[in-house]
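The values are calculated or read from the model by the stated rules, or taken from the named source; none is laboratory data. Being a predicted model, the structure only gives us computed values, none of them experimental. Cβ: placed from backbone, ideal geometry, glycine included. Neighbour counts: every protein chain shown. Quick note on the areas: whole protein, heavy atoms, side chains included, nothing else; ligands and nucleic acids left out. Shrake-Rupley method; radii C 1.70, N 1.55, O 1.52, S 1.80 Å.
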Amino acid sequence: MKKILLSLVVLLSTSVIFHSRAQAQKTDSCFFNTVVNNHDQIFELSCIPSAVEIILKYYKVVDFDFYQLQNKWKNKTDGSFHDFDKKKLYGITFFQKFVLPRDAKFPIDSLFRTIENELKAEKKIIISLPSNAGWHMFIISEQTPDGEFVSYSKLGSHTLILRNTKEIVRNSNGTEIMTYSIRL
């Protein structure tokens with residue numbers, strides 16, 4: 001009886017483990033969530049290289065334990081998207097876009113169209129959004145049926161998820177984004 005019970009437990013456990021692994025790689029959003037949840041922002045001011053590292057991990061061009069960009073950056077206080085503009089890393093070239101004054105003239109509709117086009121091309125977008133201490137980098141990974149963008153970031157090991165990205169951008173009178181091209 002004990003052998004049968006043990007065999008049943010092993011069989012069910014194995015089935016659940018294989019099923020969960022298959023689910024993690026089955027869809028884009030599941031794998032992206034796995035990447036984000038297994039990544040850490042290791043310095044208080046390293047959100048820009050942290051976001052870039054997430055993109056690199058998402059495309060599997062670096063391992064999950066890759067933190068070289070953040071370790072080099074540390075708590076750099078004068079960094080910006082410009083540090084990665086036109087920079088090619090592991091076959092992925094990053095581009096800074098919408099470097100404009102955040103005011104009533106900011107082309108928010110053009111920014112949103114650009115983001116939508118990147119999402120349609122099955123890409124993620126790094127976006128700078130206001131936070132308590134200034135600005136923090138997020139990655140837009142999807143658009144909801146009602147048109148809103150869902151953004152993810154890390155704060156240490158804590159995963160942040162925003163489901164009102166457009167509203168935040170409108171209230172900020174615009175923002176910068178980073179897109180990328182892939183030549184793997």
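Residues in the range 48-55: is at least one over 15 Å from the mean Cα position of the chain (by Cα), in contact (Cβ under 8 Å) with a residue 40 or more places away in the chain, crowded, with 17+ Cβ neighbours inside 10 Å and not in a loop (DSSP other than H, G, I, E, B)?
Keep residues of the range 48-55 that are over 15 Å from the mean Cα position of the chain (by Cα), which gives none.
No, because not a single residue in the range 48-55 is over 15 Å from the mean Cα position of the chain (by Cα), in contact (Cβ under 8 Å) with a residue 40 or more places away in the chain, crowded, with 17+ Cβ neighbours inside 10 Å and not in a loop (DSSP other than H, G, I, E, B).
Given (1) open to solvent by less than 30 Å² (accessible area, probe 1.4 Å); (2) not in a loop (DSSP other than H, G, I, E, B), where does Q41 come up short, assuming only one miss?
With (1) open to solvent by less than 30 Å² (accessible area, probe 1.4 Å); (2) not in a loop (DSSP other than H, G, I, E, B) applied to Q41, the lone miss is (2).
Only residues that are within 15 Å of A51 (Cβ to Cβ) and of a type in the set (V, I, T): list them for the range 88-135, please.
The answer is I92, I115, I125, I126, I127.
Does the range 174-184 contain at least one residue that is more than 26 Å from K60 (Cβ to Cβ) and assigned to a helix (DSSP H, G or I)?
Looking only at the range 174-184, we keep the residues that are more than 26 Å from K60 (Cβ to Cβ), and these are 174-176.
From the residues that got through so far, the ones that are assigned to a helix (DSSP H, G or I) too are none.
There is no residue in the range 174-184 that is more than 26 Å from K60 (Cβ to Cβ) and assigned to a helix (DSSP H, G or I).
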